[in-house]
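We did not get these values from a lab; they are worked out from the coordinates using the rules stated. In this text the structure is predicted, and so the values were computed from the model without any measurement. Glycine gets a Cβ as well: all are built from the backbone with ideal geometry, and neighbour counts include every protein chain shown.
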Amino acid sequence: MPTVNLIARTVAAIKPPKAGRVEYWDEALKGFGLRVSDRGRKSWVVLYRHNGRPRRLTLGTYPVLSLGDAREQ
């Protein structure tokens, strides 16, 4: 789970992994990240806790949901 500075140029340049999924976490906004699948799909995700248990919420896919809009949500 690499931590990177998520900016538009970085998100566009991220290549899909050979197999599985990789999550890139934002340095600036804790719990906010980008999940990239081996098929090239990029989804915005947020980690949070509910009743003490970690949860993951998918906000939408890139580029349908832009980086700015995903951060606002």
Task: Whole-Hz couplings from phi, Karplus 6.51/-1.76/1.60, listed for segment 2-19; x for Gly and Pro - done: x, 9, 9, 7, 6, 10, 3, 5, 5, 4, 5, 8, 5, 9, x, x, 5, 8
Task: Pairwise label distance in nanometres, residue 18 with residue 57, each label 7 Å out on the Cα-Cβ vector - done: 3.6
TODO: Give the longest segment of the chain that steers clear of trypsin sites (Lys or Arg not before Pro) in DSSP loops with at most 12 neighbouring Cβ atoms within 10 Å, not counting the sites themselves.
DONE: 42-73
Task: residue 29 paired with residue 50, simple spin-label distance in nm, labels 7 Å along Cα-to-beta-carbon - done: 2.0
Task: Extreme residue, positive dipole direction of the chain, given options 54, 67, 3 (C-beta unit charges) - done: 54
TODO: Take every Cα-Cα pair in the chain and report what % of them are more than 17 Å apart.
DONE: 39
Task: Electrostatic dipole magnitude of the chain [Cβ: Lys, Arg +1; Asp, Glu -1; Cα centre; debye, to 20] - done: 320
